[in-house]
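For reference, the structure discussed in these notes is given below.
The values are calculated or read from the model by the stated rules, or taken from the named source; none is laboratory data. Owing to the predicted nature of the structure, the values given are computational and were not obtained by experimental measurement. No Cβ is skipped: glycine too gets one built from the backbone with ideal geometry, and neighbour counts run over all protein chains shown.
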Amino acid sequence: MTTKGSSYKQIIIPMGSNNIKTFMSSLNDHVVNINQALKNVKSDVIINFICSDYRGLVLVLNKVVAQSDICIISHYVKNTNNMNLEDIQDGHLPQSKLYLKILGLLYLLENTNTVIRRVCEQTFRVRIRGQK
């Protein structure tokens, strides 16, 4: 399974590099234990795999999670042995904002082969502001 970019099927748990190394040293046990904790509360969420990056841990799940599932996972990670609690933040979904920037619009006048960009841009600006 591969993912590209941010997905709401991921949880990011920010932490320092020492905590990442400690957690990743027994990764298979942690995956099994977290999945068991989620199963105990009758959650349908399953962790597919865990990887690390510069932010901390990235947990990839089988579906989009609820806040209660994020709390269970964060609680487990914070209660793992040999972890510095001051260096672990609460888990959260990826926070990605995408913007669409319109560079220009072309407008083809009827019965001609000329393209007027300015007319369309002015019309577009007026309609966005709610004016007609």
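Condition first: in a loop (DSSP other than H, G, I, E, B) and either of a type outside the set (Asp, Glu) or at pLDDT below 90 (or both). Can you find one or more residues in segment 27-40 that meet it?
no
Go through (1) closer than 17 Å to residue 91 by Cα; (2) surrounded by 14 or more Cβ atoms within 10 Å (Cβ to Cβ); (3) not small (Gly, Ala, Ser) for residue 22 and report which single condition fails.
Only one criterion is unmet by residue 22, namely (1).
Quick one: would you say residue 68 is surrounded by fewer than 13 Cβ atoms within 10 Å (Cβ to Cβ), small (Gly, Ala, Ser) and not in a loop (DSSP other than H, G, I, E, B)? It would help to see each step written out before you state the result.
On the way: surrounded by fewer than 13 Cβ atoms within 10 Å (Cβ to Cβ): yes; small (Gly, Ala, Ser): yes; not in a loop (DSSP other than H, G, I, E, B): yes.
Taking the combined requirement at face value, the residue satisfies it.
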